[in-house]
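Reviewing the structure listed below.
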Amino acid sequence: DFNMNAHSEWFYKEVKKSALHKHRKITHIPGNIDTSIWKPQNIKFAREIFNLDENKKILLFGSSTATDHRKGFDFLLKLFKQKKFKNYQLIIFGEQPEDINQLDIEYNYVGKINDTRTLSLLYSSADILLMPSKIEVFGQISLEASACGTPSVIFENTGPEDWIKHKKNGYVAKYLDIEDYANGINWILEDQERYQNISNYGLEIVKNNFNDTLIGEKFIQEYKSLINIK
């Protein structure tokens, strides 16, 4: 006899459809983030740390399970084979994806990063985080990137839609649509003033909806309701 919590609206809906769990009490309390740690860093300094060309557009991809097909690295292989991005570089962190040498774009694999300060610098060094996950329950790295001022391109009907609002603080591409995903990258970067507005709105969403204090209070209230404390 137990209750369940779903980290994202997408996952909440999926659990509600489950024959095994649909009759349980299911809450939707998202993951949290410490915005005193995850915050924008100086871009010039961040790029110097990772030896990145300040004149290039930096795309970022990362996952602790990049070899899992659900994370969508195979989609990126198709994307960069069909769509050419001039003066761009792809930075990859976390687990090294299989077939990384088949990428048809300049890339650099920086390995696994275990400390938040360095990862915050990496997010800040990038122009866009690419999250082509085919299935994503929550997508913590996209939330971290947003907190560092870096917008994401994601797919519709995945967990990160909880905070990535289409053409407001990122781009929500049609599912597995190469053309639309490429359009999303170009749309975010084609106007510098719009890019800054997108970045600022992303920061606002994270601070107002996913900070530690707010999410912690929601869990406290949920625990109290379970043990009948008012």
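Beyond 17 Å, what share of the Cα-Cα pairs of segment 69-184 remains, rounded to the nearest whole percent? In whole percent, the long-distance tail amounts to 54. Measuring max minus min along each principal axis, the C-alpha atoms of segment 75-132 give extents of 35, 23, 18 Å (largest first). Sequence-ordered 3J(HN,Hα) estimates for segment 189-194 from the Karplus curve with 6.51, -1.76 and 1.60 and θ = phi - 60° stand at 9, 7, 9, 5, 5, 5 Hz, glycine and proline given as x.
Working note: Karplus 6.51/-1.76/1.60 with θ = phi - 60° gives segment 203-211 the couplings 4, 4, 4, 5, 5, 8, 10, 10, 6 Hz, where Gly and Pro are set to x.
Note: relative contact order over segment 1-122, using C-alpha pairs below 8 Å and six or more positions apart, is 23 percent.
Taking θ as phi - 60° and the Karplus parameters 6.51, -1.76 and 1.60, the scalar couplings of segment 44-57 work out to 4, 5, 4, 5, 5, 4, 9, 6, 9, 6, 5, 8, 9, 7 Hz in sequence order, x denoting glycine and proline. Taking amide hydrogens as placed 1.01 Å from N in the peptide plane, the amide H of Gly62 sits under 5 Å from those of Phe93, each at least 5 positions away in sequence or on another chain.
Indicate the gyration tensor shape class of segment 14-104 (rounded, prolate or oblate), computed on the Cα atoms with a ≥ b ≥ c the square roots of the eigenvalues: a/c under 1.5 is rounded; otherwise a/b larger than b/c is prolate and the rest oblate. It comes out oblate by the Cα gyration axes. Distance distribution note for segment 121-230: the fraction of Cα pairs above 22 angstrom is 35%. Its relative contact order, with pairs defined as Cα atoms under 8 Å and 6+ residues apart, puts the chain at 21 percent. Across segment 78-189, Cα pairs under 8 Å and at least six residues apart give a relative contact order of 19 percent.
Read the figures in this text as sums done on the coordinates, not as results from a lab. The structure presented is a predicted model; accordingly, all values stated were derived computationally and were not measured.
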